[in-house]
Every structure is written in structure tokens, then in C-alpha cells.
Amino acid sequence: MRVALIDSEGIASGGSGAAGAFVSPKFVKSGPVKEVSETAFSFSLPFYAEHFKEWTSVSPLLHIANNSLSNERVRYFKTHTSLQLITPEPTCLKQIRPEARTFESLMLASSAVVNARGVCEAMAEHAEFFDIHVRALEHDGHVWHLDNNIRAKRVLLATGAHQHLLNIPYVTPRPIFGHRINIKSSTYNPVNIHQHVSISQSNTAGIIAIGATHDVHHHRRHTQEQYDYIKGRSELLEKAMRTVALHDVEIIEDFIGVRAASIDHLPMLGPVVDSCKTLEKLPKIERGKRYDINQYEYYPNLYMMNGVGGYGFVLAPYLAAMLRDAIVKNGTIHPLVLPSRFLRRWCIQKCR
Ligand SMILES: Cc1cc2nc3c(=O)[nH]c(=O)nc-3n(C[C@H](O)[C@H](O)[C@H](O)COP(=O)(O)OP(=O)(O)OC[C@H]3O[C@@H](n4cnc5c(N)ncnc54)[C@H](O)[C@@H]3O)c2cc1C
């Protein structure tokens, strides 16, 4: 297929460009989030290591709990995961602060940090790129028109925390602002570490990525102008230093961006329901009647990938492969991630 990529700001300029980007699973106890996260992690780690080796640093991951609740979660995770765990080398634990060592921890045999911009540009190499801001998306019965500039048979909306281009009121990604930094330090960090923040393995130039902050109140439009970088940096360093003593720290670069999270912590991938037409066809949905999702009305050949939260680099390759199989091979999309899962609840709430 011929693929056109469109981004008004350039490749990896949204949340993607700000990312660490750590490739690791979510350390949750059980349920669909764990299921999707572990499957995606097992798919994406070898995907980067094999196809984008130049941009990928693989290392074990030391995950340390940061409160009593996560202590219990880590203890449980250790005995309920299919992922390979290893015993940490004594040299690796030596640099961990005594206070941090009092918490439960586990060592994942492999994780990765990818160069966000590098890997996104490499992935986009064979697509045609258009740096335009799309203002309107219309279907003429045959194809989609993007601002009367570009025509496409199929459209995938991957607009992150930005506004949807169509009326899709039942899907509202939650913006979560984040700041991360690259630092130089005389301390050599041999592995990726997660505790209060994520701390990457030192690269060959001694650079360590630290990230990221989470702010659900910071408005995206104010991001550049009003953000207090000094405060963000000290929060990140203070949190990192609670885990590892980093010496001679020099801040090299700041990255800020907005993640787009879904309310149930699962991503959104798949065909987009036309809520107006569906309500016309199935009015009883407003009173809570359940219908098979195949009875919903969908926009023609319109898909969405969004709500990947702080795990975009873990989830996206796995989701993209699922969508490719759905489009090209008539495969199925995991029902847990379909955007249509939010429609009925939205219809009921709208009528209250
Ligand atoms: C600080 C920070 C740290 C993170 N760390 C990690 C991490 O360690 N590991 C991990 O896996 N994930 C991490 N993430 C999350 C990850 O980066 C994001 O979830 C993911 O990259 C989101 O990708 P996206 O394509 O959905 O959205 P975005 O990258 O935000 O892309 C959306 C793009 O759509 C464009 N756009 C929107 N509307 C239009 C329009 N009308 N016309 C043209 N263009 C439009 C925007 O310009 C934007 O560039 C982090 C995120 C942040 C902010």
C-alpha cells in the first residue's frame, strides 16, 4: 500500500518526540491492562532490536517499588508473569540507595530505550510525508478528502492529545503533560531503572535519560510559554537521586510533551463509530440496551490509534501490526482495544 504520513509539526513532534523512550511492560497485578501490556512488550522489544537496531539500546531493567502498595504489586508480579526475570548482579545493586533497597524489586532480563526521533524517522522512511495542518476531513462516498489537498481511501487518525477531526464525542483522550531530561553524569549506570522515575542505562557518551513528570492539569496550549523548566528539572533529579546517587550532573537537554491517555488505561485501535448515525439506527442504546458492535454504524474506512498514554513506544508497533492485519488480511482487532467500547456508556451518560 502507498502510505502518506501527515503531521503539521513534523515527525515525532507531539508526545512522541518527548518520550524517553523506555520499552518496558506495565507492572500491574492482573487483568486486561497487564494482558495487553505484556503482549505488546513481547512483540515490540524484538521488533525494535531487529529492525531499528541503530536506534535501540537493550538492557536489563531493575524495577523497584516506591510505596507499600507497589511493594505488594511487585512481589505478586514476580510470581505471575511470563516475562523472563533474572537475579541482579551485585555491582548493579551497589549504586542503589539504601532506602531504595528496602523496597521490593525485580530485574527483567531485557528492556530497551529507543531514540524516539531517530526511530520514528527511520520508520517513516518509505512513506510520503506532508507537513500540513489538516482542518477538515470529508468523505465523498468513495474516498476521504483532507482539506481538498489529499485524497485517501483509508484514513488512520493518530492525533494524540489534539482535537479529533470529526465528531467522535465518545472518545476523549485525557492529556497528561510530561517533562524529561537528558543528563551527563560521572556516575555510570549499567541498567535501566524504574522507581519514582525512569533512569536509563548510561550510553557511550555517558548520557542518561530521566523521565518523566506527570501533570494532568497542565494545559497543552500553554506548554511552551508558561512551563517552569527549573521546577521540572529539580523534580526529576530529586526523584532520580532517591534511587541512585548521580554525581557531577549536567543537564544536556529538556523534552516536554503531552501524552494522551484513555479512561480505562487501554489503548484505542480500530474502526471509528459514527455516533449520530448509530443513535438514529439504535435509539434504545441511550436507555442502556446492549447491541452487538457489528450493528453500530461506522465511518467508511476510518480508523483510530490513540490513548497509548505513557506507553506509546511499547504499544504502537503491536497495535500497528494488528491494524495492518485487520486491513490487509481481514484479521481481527482485539475487542479490548476497540474504540467502540466507549460508545454505549457515552450514550447513557449523555441522556442523564
Ligand atoms: C515526557 C514523555 C515521556 C514519555 N515516555 C515514554 C516512554 O518512556 N515509553 C513509552 O513507550 N512512551 C512514552 N511516552 C508516551 C509516548 O511518547 C506517546 O504515548 C506516544 O508517542 C504518542 O504518540 P501519538 O502518535 O499517539 O501522539 P503524538 O506523538 O502526540 O502525535 C500526534 C501528532 O498529531 C499531529 N496532529 C494532530 N492533529 C493534527 C492535524 N489536524 N493536522 C496535522 N497534524 C496533526 C500533532 O502535530 C502531533 O505531532 C512519553 C510521553 C511523554 C510526553
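Examine the stretch 138-154 for a residue that is more than 8 Å from the ligand (Cβ to nearest atom) and either within 16 Å of the chain's Cα centre (by Cα) or closer than 20 Å to Ala40 by Cβ (or both), and state whether such a residue exists.
No.
Hey, can you tell me all the residues within the stretch 195-214 that are surrounded by fewer than 21 Cβ atoms within 10 Å (Cβ to Cβ), near the ligand (Cβ under 10 Å from one of its atoms) and either touching a residue at least 40 places away in the same chain (Cβ under 8 Å) or of a type outside the set (Val, Ile, Thr) (or both)?
Scanning the stretch 195-214 gives a single hit, His214.
Please verify whether Phe77 is within 14 Å of the ligand (Cβ to nearest atom) and surrounded by 18 or more Cβ atoms within 10 Å (Cβ to Cβ), treating the condition exactly as stated.
Spelling it out, it is not the case that Phe77 is within 14 Å of the ligand (Cβ to nearest atom) and surrounded by 18 or more Cβ atoms within 10 Å (Cβ to Cβ).
In the stretch 155-177, which residues are part of a loop (DSSP other than H, G, I, E, B), under 17 Å from Ser262 (Cβ atoms) and more than 10 Å from the ligand (Cβ to nearest atom)?
The answer is Ile168, Pro169, Tyr170, Val171, Thr172.
In the stretch 337-352, how many are open to solvent by less than 50 Å² (accessible area, probe 1.4 Å), away from the ligand (no atom under 16 Å from the Cβ), in a helix (DSSP H, G or I) and at pLDDT 95 or above?
3
Starting from the stretch 280-307, keep only residues that are in a helix (DSSP H, G or I) and away from the ligand (no atom under 16 Å from the Cβ), then list their pairs with residues that are at pLDDT 95 or above and open to solvent by 60 Å² or more (accessible area, probe 1.4 Å) whose Cβ atoms are within a distance under 7 Å, requiring at least 6 positions of separation or different chains.
Lys281/Glu297
Please pick out the residue among Ala316, Ala321 that is at pLDDT 95 or above, closer than 30 Å to Asn115 by Cα, open to solvent by less than 20 Å² (accessible area, probe 1.4 Å) and in a helix (DSSP H, G or I).
Ala321
Among the numbered criteria (1) part of a loop (DSSP other than H, G, I, E, B); (2) not assigned by TED's automatic domain parsing to the domain that holds Glu89, which one does Thr187 miss?
Every condition holds for Thr187 apart from (2).
Scan the stretch 259-273 and give yes if some residue there is over 19 Å from the mean Cα position of the chain (by Cα) and of a type in the set (Lys, Arg), otherwise no.
For the stretch 259-273, residues over 19 Å from the mean Cα position of the chain (by Cα) and of a type in the set (Lys, Arg): absent.
Can you name the residue in the stretch 14-29 that is open to solvent by less than 10 Å² (accessible area, probe 1.4 Å) and in a loop (DSSP other than H, G, I, E, B) and is also nearest to the ligand (Cβ to nearest atom) among such residues?
Applying the filter and picking the extreme gives Ala21.
Between residues in the stretch 112-130 that are assigned to a strand (DSSP E or B) and residues that are of a type in the set (Ser, Thr, Tyr) and modelled with pLDDT of 95 or more, which pairs lie under 7 Å by C-beta distance while being six or more apart or on different chains?
Ala112/Tyr48; Ala112/Thr56; Ala112/Ser57; Val113/Ser57; Val113/Ser200; Val114/Tyr48; Val114/Thr56
Which residue pairs have Cβ atoms under 6 Å apart, sit 6 or more places apart or on different chains, and have a first residue in the stretch 244-268 that is within 13 Å of the ligand (Cβ to nearest atom) and a second that is open to solvent by 50 Å² or more (accessible area, probe 1.4 Å)?
Asp254/Tyr229; Val258/Pro175; Val258/Arg220; Arg259/Gly310; Ala261/Arg174
Might you check whether a residue that is in a loop (DSSP other than H, G, I, E, B) and not assigned by TED's automatic domain parsing to the domain that holds Leu336 occurs anywhere in the stretch 33-46?
The answer is no, given that none of the residues of the stretch 33-46 is in a loop (DSSP other than H, G, I, E, B) and not assigned by TED's automatic domain parsing to the domain that holds Leu336.
Of Arg180, Arg135, Arg151, which residue is outside any loop (DSSP other than H, G, I, E, B) and exposed (fewer than 15 other Cβ atoms within 10 Å of the Cβ)?
Arg151
The values are calculated or read from the model by the stated rules, or taken from the named source; none is laboratory data. For clarity, every value in this text was computed on a predicted model and none was experimentally measured. Cβ sites come from the backbone with ideal geometry, for glycine too, and all protein chains shown count toward neighbours. Quick note on the areas: whole protein, heavy atoms, side chains included, nothing else; ligands and nucleic acids left out. Shrake-Rupley method; radii C 1.70, N 1.55, O 1.52, S 1.80 Å.
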